[in-house]
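Taken together, the values in this text are just the output of simple stated rules run on the coordinates, not laboratory data. In this text the structure is predicted, and so the values were computed from the model without any measurement. Note that each Cβ is placed from the backbone with ideal geometry, even for glycine, and that neighbours are counted across all protein chains shown.
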Amino acid sequence: MFSSHYKYVSEIINQGLEKASLDGVLIYSGHVHNYFLDDMPYAFACNPHFKWMVPITETPHCIIHYKSDSKPILYLYQPKDYWHSLPKTLEGEWSEFFDIIPITCKEDVPDFSDLKNHGWIGQDDSCEFDNLQHNPKKYMDYIHWHRAVKTKYEIESIKKANKLALKGHKAAENCFRKGYSEFESHLAYMLATKHNEYQLPYGNIIAQNENGSVLHYQHMQRFRHQQGSLKSFLIDAGCQVNGYASDITRTYSFDNNDEFAKLIQAVDKMQVKIGKQATTGTNYVDLHTKAHLMIAEILKDFDIIKCDALTAHDTGLTNVFLPHGLGHYLGLQVHDIGGHQKSPAGKIKSPPKLHPFLRLTRTLEKNNVLTIEPGIYFIGMLLEKAKADDLGEYINWNRVDDFKPYGGIRIEDNIVVKKNNPVNLTRE
């Protein structure tokens, strides 16, 4: 699969070079930054342009020199260092496509100051050569547009990342069922997935009770709730395989038969239905709007709102309960870039004013990979604002008070867009 993947990637890069009138690019894997006034570094995050070409994700200071008329050179950082060790370089089919030259230090890197018509693709502070065009816009826009279509190799990597993450999800849920703390569920997830925290595609969101109303909750409480006071569990967590991410969310009620459990089931059923509509040619903004109308119907069915679905959407009432977008591109990044692009030339299609946080506004293409993640939340800040505005009259505040201690619901799967039947990598 990597062979066909590399063929696609090289074709897109060649076209990008032509669009930007470049003879080649130097793609830098990246380097670490230290904390302020410290010699300890932040976790390393590999340049997605680099790991698009090679499955090396944890090694800094590497450079790919790519030109359309010759075999690319990979300058592979292999320092002689007794302070740290680097991950062993992966061996496999990918290595056949590169001339690999080990470098042990900065002095081993060639002098690129004489290169003409070349771009440097990397961090803002990474390019030391004035002759190189740093992240040339025409090239970057073209690449980001086409990266949205995934190869079989990429889809298989995301599928494997889903399988691995689901092991962690199950382990974390088991901890919740036993009454363990958020932090203990996090540890169980890490053990089941065999990931270090720096290897996660994003920080795990593991929330009990009202913490589930914080969209990117991060604290992970260490204490266990007293018996009878543990109500709900929301886990948003993924894994990485070959640099490709999964991004999965599930929500549970401690009592599988209470009203919150029934609300979860309704959102879950709705999520499956909207996910099946992620087909080729679908406008994602329209899909997002459909999701809001469907969420409004659920809110009405559970007597949480007192108006019809269209009124709930058009007045912005559904945004009180679902303030984020339906989903986003997924791949080398959790929020894969290019979701607002209008064309390969880089023109932008901004989200509608009513839904400003939507990360994806494009028309879906075959083999896009994206998340579908509707939810219903009881967020104090938004509810108070609604009460102060005209929206308060549409809300059944007694029902809101019933559900607020549970925090919120999010159900998230990873979907491959197809002409008729999208592939759900999470549920399959």
Report summary line: For the residue 350, residue 149 Cβ pair and Förster radius 25 Å, calculated FRET efficiency rounded to 0.05 is 0.65
Report summary line: Cα-based Debye curve of the range 150-192 sampled at q = 0.24, 0.29, 0.31, 0.34 Å⁻¹ gives log₁₀ I(q)/I(0) of -0.70, -0.87, -0.94, -1.04
Report task. Apply the Karplus parameterisation 6.51 cos²θ - 1.76 cosθ + 1.60, with θ equal to phi minus 60°, to every residue of the range 226-235 and state each ³J(HN,Hα) to the nearest whole Hz, in sequence, with x for glycine and proline. Result -> 5, 4, x, 9, 7, 10, 8, 8, 10, 10
Report summary line: Cβ density ranking, 10 Å radius, fewest first, applied to 280, 289 yields 280, 289
Query raised in the report: residue 37 versus residue 357, label points 7 Å from Cα toward the beta carbon: distance in nm?
Result: 3.5
Query raised in the report: If we count other beta carbons within 10 Å of each Cβ, what is the order of 244, 217, 42, fewest first?
Result: 42, 217, 244
Requested in this report: Just subtract the alpha-carbon distance of residue 385 and residue 420 from 0.36 nm times their residue separation and send over the number in nm, one decimal.
Outcome: 8.5 nm
**Report entry** Gained length - residue 100 relative to residue 18, 0.36 nm times residue gap less alpha-carbon distance
**Finding:** 27.0 nm
Report task. Per residue of the range 63-76, in order, report the coupling 6.51 cos²θ - 1.76 cosθ + 1.60 (Karplus, θ = phi - 60°) as ³J(HN,Hα) in whole Hz, putting x for Gly and Pro. Result -> 9, 9, 9, 10, 10, 5, 9, 7, 5, x, 9, 9, 8, 9
Query - Full-stretch length increase - residue 128, residue 293 - with 0.36 nm per residue and alpha-carbon distance subtracted - result: 54.2 nm
Query - GluC sites (Glu not before Pro) restricted to DSSP loop in the range 292-397 with at most 10 other C-beta within 10 Å - result: none
Query raised in the report: Under a 5 Å amide H to amide H cut-off, with H placed in plane at 1.01 Å, what residues pair with residue 101 once short-range neighbours are removed?
Result: 74, 75, 76
Query - Distance violations [Cα-Cα > 30 Å] among 7/170; 342/404; 106/160; 7/342; 152/262 - result: 7/170; 342/404; 106/160; 152/262
Query raised in the report: Between residue 199 and residue 427, how many nm apart are label points set 7 Å from Cα along the C-beta direction?
Result: 3.0
